[in-house]
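> After the structure tokens below, expect a handful of questions from me.
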Amino acid sequence: MGINIALAGNPNCGKTTLFNRLTGENGYVGNWPGVTVEKKQASWRADESVVITDLPGIYSLSPYSPEEVVSRDFLVRDRPDVVINLVDSTNLERSLYLTTQIVELGLPVVVGLNMADLLEKNGDKVMPEKLAHDLGCEVVELSALHGSGVDDLMKAAVAAAKGRAAAKPVVTFDAGLEKALTRISDIAGDKVPQASARWHVIKLFEGDEAIVARLGLSADQKRQVNEIRHDYERDADDDAESIVTMARYDLIAELIPHFIVPAPKKVSITERIDRVVTNRWLGLPIFIVVMVFVYWLSVTTVGTAATDWTNDNLFGDGWHMFGVGTSEYEDAQAASGWGGDVVVEDGQLGAIDESYQDFSDQISGYIEAAEEAGVDTEGVQDAIDAGDVDSDVVTDFVNAARDAGVVAQVAYADPDGNAVDTEGEVLDTTVTTDGEGGVETQVVVPDGSQQLMLTVDADQFQTALDNPEPDPADYGWWVPGIPTLVGDGLTAIGVVDGNWVRSLVLDGIVAGVGAILGFVPQMFVLFVCLVFLEDCGYLARVAFIMDRIFRRFGLSGKSFIPMLISSGCGVPGVMSTKTIENESERRMTVMTTTMVPCSAKLPIIALLMGALVGSNTYWWISPLFYFMGVAAVIISGIMLKKTRWFAGETSPFIMELPAYHLPAVRSYFLHIWERIKSFLIKAGTIIFGATILVWLLSNFGVEDGSFGMVDSMNNSLLAIICMPLSYIFTPQGFGGPGLEYQWQATAMTLTGLIAKENVVSTFAVLFSLGDLGENSTLMWSAFGSQMLNGSVGALLAFGAFNLLCTPCFAAIGTIRRQMDSPRWFWFAMAYETLFAWCVSLMINQFYLLATGAGFTFWTLVAFVLLAAMLFQLFRPMPKYEDRGSSVVAAPVAA
Amino acid sequence: MKTLRDIPVGSSATVTKLSGQGALKRRIMDMGITKGVSVHVDKVAPLGDPIQVTVRGYELSIRKSEAENVIVED
């Protein structure tokens, strides 16, 4: 026969530590569906038939917060076989307040005096047997951290469950109150469940509506109970809830001297730390230092380095084990002219071994020049591409070209693919369409400047041929990356380039898995920091320090951390909202935090600024977009706070500042693992599915009259879908009819959902610009002048939409996981998209109006939206019916 | 009428009554701020709100607006 144990106690009483110790590797049987407040369940590692339910940390069984409701419903309705009430011995008065409520439930109870060793170390004398007598249940001293007493606790719990003897407290409230309770008990009679009679009678006295409704008293019984309550309230000049609360604390004041002989009080370590850490003057600077350190470790250095390593090596080409061979490889690269920095001297490139040179440009340029000079070039490029530089075709060609005296002038391109002048300055490139779907490019050379051309003669051509790009696998201990390995494996079984299975596996599945796993190292580093700050007690102080700023926007003081982390990456940012206890504040933070631009959005910003102002190196550009992100968060916070779903008074901030302590190693790592696991499972499936879906859309379509894999994205399903979708962006100026490139910007936005930097690479693919990046002047001019007709309003609108709309799938998956409710998840997605749509519409329309375009229907829409936003921002807090409590429930019953 | 908000940092006061109602009042009481208990105001947060108090031997943070519901005497 199985035994059901409920584990109840205050937040920070060591419950999680005890739960982890008891259940260990058995892990969690599962979070409870449909409930956003977490209850965890797992079996005892010593006996599988004993199931332990870890209830949320609570201070009271009052009906106000979701945690309290979940806990008391479980205890009253599901009636576990025994309740273990864990009590923080260093905080007895407040901890026993919950105990006095639990022992009334008519359930077998075992009280665990956690951290009793600390009391005794302090010189206090603890006598648990006296407390056991007063409460009428077993009391066991233990240390969840060190493990002492845990076995005794479980032995007592199992015995109590088998004995089925409910706790029978000996101590009572004062005589007057007891008399009133007895009268209520007589009136209610058998309407009250006999096992938990005392608890129900007290609830009737308090007038707890949920309980009164459930008991089904007759109108007359209700009237009599109300009469008793009103009389008592009048005599005591206080309300019933206060009377009972006071009676409980009076009871505890009476209990404690029975079982504890205290030693003189000393200044605690916590007090001493807090004198510095939350000091009026030092508090903020220390907070900033701690935050900078967390950011530095998880975003700037270790975390990002680990994630980059995973993306570039494990899910890239491969890497040199322990770096063996890296320096030899780099030397070989530099020596062969394939790596290094640009050095321009006297209008020519510097010495070959210290310059960047793309030999492939020189090779193809020379072949082109030779062809113009009448030399036979048939098959030469193919032979070189295949690596046969010593074949007869190539040798004959070199000799023929040498005899013909072919000398080519090849435009030099820097690592970003840009043409430079002889001073090393980057030159602009203009783009025009050739009317057949292709583009022609023209380098703009200003007066007094000269484009840097490389002179390639037959000797230089031979040099280029003789220096093939070195293969890193030839140096040191090379470990190939997963895509390389899988690619080799596919080749071995005959699945070669061009086969759709190969593309599905490499670009779909492997890329999808890589997208998920790539985040794990960074998340690990982040949670190593955050879980430590949380477990040691500092996060509660962060809320204390930042509360004043954030509560204005309906956010928690703890919302600062997700926002900060999101400026690096939204995925760990959203994950870190876990530390916000208040549901409404947590949801609001989850919904808005990804509006802060993450590092993957920086290429979009760079491309945009290049297209707008011809340079993306101004220092003020990035801060501007961060500012826009933060402004979006603040505006959203204020607007959402006044909606029905987030309304209500700001949640109370009457919060315990727990004593500082070092986390237990085991519990610490389980805590970290639990969070990473939930990301992998819940977010991972969404990321994976979505990546494959977009792969399918962009690689399949109708080409030459038949359905299949397409060569050009212009014929893909993505293009077909984006065509109608693009009408949505008509008022934003970057989609819809009237544009030469009607659907492309929409397609860029869609592929941006895989990863935001894809916006830039998709653009390059759509315009056949190869692998040019956001720093290429050609990309800027193609993006600005061609695709969006040089409309500044449309460019800004496109940028705003892409930065503010739903984040990438990885972050979307994480949001889904954090919201833990489909409706809230879709609400968040809809809000983000709609907000981005409105903001980008206003940007484009107001820009058009300001630059003299006429007043149109959409201008009107823009003004209406602006008015609506301003109204929502500045109107007073509306009153909603039936929202007396400050605890906000789901907008639509989840 | 003096409230917990008016108590200067570093001094103590005794609670005489709680005003307000519903969840907020219950929460204040559940955390141990009840009639007759002595509350010591430890400090003010760096930005001026909330405050930190010691009650029943532990540290509690409470916003000034919430502290106004706690009526005290020196």
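The values are calculated or read from the model by the stated rules, or taken from the named source; none is laboratory data. Keep in mind it's a predicted model, so treat the numbers as computed, not measured. Positions of Cβ are generated from backbone atoms using ideal geometry, with glycine treated the same way; all protein chains shown enter the neighbour counts. Side chains are part of the model used for accessible areas, which takes the heavy atoms of the whole protein and leaves out ligands, DNA and RNA. Shrake-Rupley method; radii C 1.70, N 1.55, O 1.52, S 1.80 Å.
> Only residues that are open to solvent by less than 20 Å² (accessible area, probe 1.4 Å) and in contact with a Ser or Thr (Cβ under 6 Å, 6 or more places away or on another chain): list them for the range A:736-775, please.
Listed by number, the residues that qualify are A:G736, A:T746, A:M748, A:T751, A:T762.
> When you go through B:G48, B:G32 one by one, which is the residue that is open to solvent by less than 40 Å² (accessible area, probe 1.4 Å), farther than 19 Å from A:Y249 by Cβ and within 9 Å of chain A (Cβ to nearest Cβ)?
B:G48
> Still on this model: Restricting to the range A:203-232, name every residue that is closer than 30 Å to B:G57 by Cβ, within 14 Å of another protein chain (Cβ to nearest Cβ) and either of a type in the set (A, V, I, L, M, F, W, C) or in a helix (DSSP H, G or I) (or both).
A:K203, A:E206
> Just checking, how many residues over the range A:166-192 are farther than 24 Å from A:E138 by Cα and part of a loop (DSSP other than H, G, I, E, B)?
Residues in the range A:166-192 being farther than 24 Å from A:E138 by Cα and part of a loop (DSSP other than H, G, I, E, B): 2 in total.
> Could you grab me the full set of residues in the range A:703-727 that are assigned to a helix (DSSP H, G or I) and β-branched (V, I, T)?
Answer for the range A:703-727, where residues must be assigned to a helix (DSSP H, G or I) and β-branched (V, I, T): A:I720, A:I721.
> Can you pull out every residue in the range A:70-96 that is within 14 Å of chain B (Cβ to nearest Cβ) and of a type in the set (A, V, I, L, M)?
Once the filter is applied, which keeps residues that are within 14 Å of chain B (Cβ to nearest Cβ) and of a type in the set (A, V, I, L, M), the range A:70-96 yields A:V87, A:L92, A:L96.
> Here's something else I'd like to know. Before we move on, is A:G790 on the phi > 0 side of the Ramachandran plot and open to solvent by 10 Å² or more (accessible area, probe 1.4 Å)?
yes
> I'd like the residue in the range B:35-45 that is assigned to a loop (DSSP other than H, G, I, E, B) and at the interface with chain A (Cβ under 7 Å from one of its Cβ atoms) and, out of all such residues, is least open to solvent (accessible area, probe 1.4 Å).
Residue satisfying both the conditions and the ranking: B:A45.
> Do any residues in the range B:56-69 that are more than 7 Å from every other protein chain (Cβ to nearest Cβ) and without any contact (Cβ under 8 Å) to a residue 60 or more places away in the chain have Cβ atoms under 9 Å from those of residues that are part of a helix (DSSP H, G or I) and open to solvent by less than 50 Å² (accessible area, probe 1.4 Å), where the two are at least six apart or on different chains, and which pairs are they?
Sorted first by the residue in the range B:56-69, then by its partner, the pairs are B:K64/B:L4.
> Is it the case that A:Y618 is closer than 26 Å to A:T593 by Cβ, of a type in the set (S, T, Y) and more than 14 Å from every other protein chain (Cβ to nearest Cβ)?
no
> Could you check, for the range A:178-198, whether at least one of its residues is outside the structural domain of A:S60 (by TED's automatic domain parsing), open to solvent by less than 10 Å² (accessible area, probe 1.4 Å) and free of Cβ contacts under 8 Å to residues at least 12 places away in the same chain?
Among the residues of the range A:178-198, not one is outside the structural domain of A:S60 (by TED's automatic domain parsing), open to solvent by less than 10 Å² (accessible area, probe 1.4 Å) and free of Cβ contacts under 8 Å to residues at least 12 places away in the same chain, which makes the answer no.
> Are any residues in the range A:564-604 outside any helix (DSSP H, G or I) and over 27 Å from A:V759 (Cβ atoms), and if so, which ones?
A:I580, A:E581, A:N582
> Conditions first: (1) assigned to a helix (DSSP H, G or I); (2) touching an Asp or Glu at 6+ places or on another chain (Cβ under 7 Å); (3) at pLDDT below 85. A:A132 passes all but one, so which condition is the exception?
Here A:A132 clears every test but (3).
> Just need a number here: residues in the range A:728-752 that are assigned to a helix (DSSP H, G or I) and over 24 Å from A:L769 (Cβ atoms).
Residues in the range A:728-752 being assigned to a helix (DSSP H, G or I) and over 24 Å from A:L769 (Cβ atoms): 1 in total.
> Pick from A:V420, A:V410: which is of a type in the set (V, I, T), at pLDDT below 80 and surrounded by 15 or more Cβ atoms within 10 Å (Cβ to Cβ)?
The match here is A:V420.
> Residues in the range B:6-29: is at least one in a helix (DSSP H, G or I), open to solvent by 40 Å² or more (accessible area, probe 1.4 Å), within 12 Å of chain A (Cβ to nearest Cβ) and at pLDDT below 90?
yes
> Here's another thing I want to ask about it. Please work out which residue is nearest to A:Y741 (Cα to Cα), limiting yourself to the range A:682-702 and to residues that are in contact with a strand residue (DSSP E or B) (Cβ under 7 Å, 6 or more places away or on another chain) and part of a helix (DSSP H, G or I).
Filtering first and then ranking leaves A:S698.
> State all residues of the range A:740-775 that are closer than 14 Å to A:S712 by Cβ and within 25 Å of the chain's Cα centre (by Cα); if no residue qualifies, say none.
Answer for the range A:740-775, where residues must be closer than 14 Å to A:S712 by Cβ and within 25 Å of the chain's Cα centre (by Cα): A:A747, A:T762.
> Would you check which residues across the range A:43-75 are outside any strand (DSSP E or B) and among the acidic types (D, E) and list them?
A:E67, A:E68, A:D73
> If you don't mind, there's one more thing I want to ask. Kindly establish whether A:W619 is under 30 Å from A:N418 (Cβ atoms), open to solvent by 20 Å² or more (accessible area, probe 1.4 Å) and of a type in the set (A, V, I, L, M, F, W, C).
yes
> Something else now. Considering the range A:582-625 alone, what residues qualify as being under 30 Å from A:I654 (Cα atoms), in contact with a Pro (Cβ under 8 Å, 6 or more places away or on another chain) and modelled with pLDDT under 85?
A:E583, the sole residue that qualifies.
> Looking at A:A889, A:A830, can you tell me which residue is hydrophobic (A, V, I, L, M, F, W, C), open to solvent by 50 Å² or more (accessible area, probe 1.4 Å), within 29 Å of the chain's Cα centre (by Cα) and at pLDDT below 90?
Only one candidate passes the filter, namely A:A889.
> A follow-up question, please. Within the range A:290-318, which residues are open to solvent by 70 Å² or more (accessible area, probe 1.4 Å) and of a type outside the set (D, E, K, R)?
Within the range A:290-318, A:V292, A:F293, A:W296, A:T300, A:V302, A:W309 qualify.
> So, in the range A:537-563, how many residues would count as being in a helix (DSSP H, G or I), within 14 Å of chain B (Cβ to nearest Cβ) and over 17 Å from A:I286 (Cβ atoms)?
Count: 3.
> Further question: Please go through the range A:250-275 and give me each residue that is within 12 Å of chain B (Cβ to nearest Cβ), closer than 30 Å to A:I545 by Cα and at pLDDT 85 or above, ordered by number.
Residues satisfying the conditions are A:I273, A:D274, A:R275.
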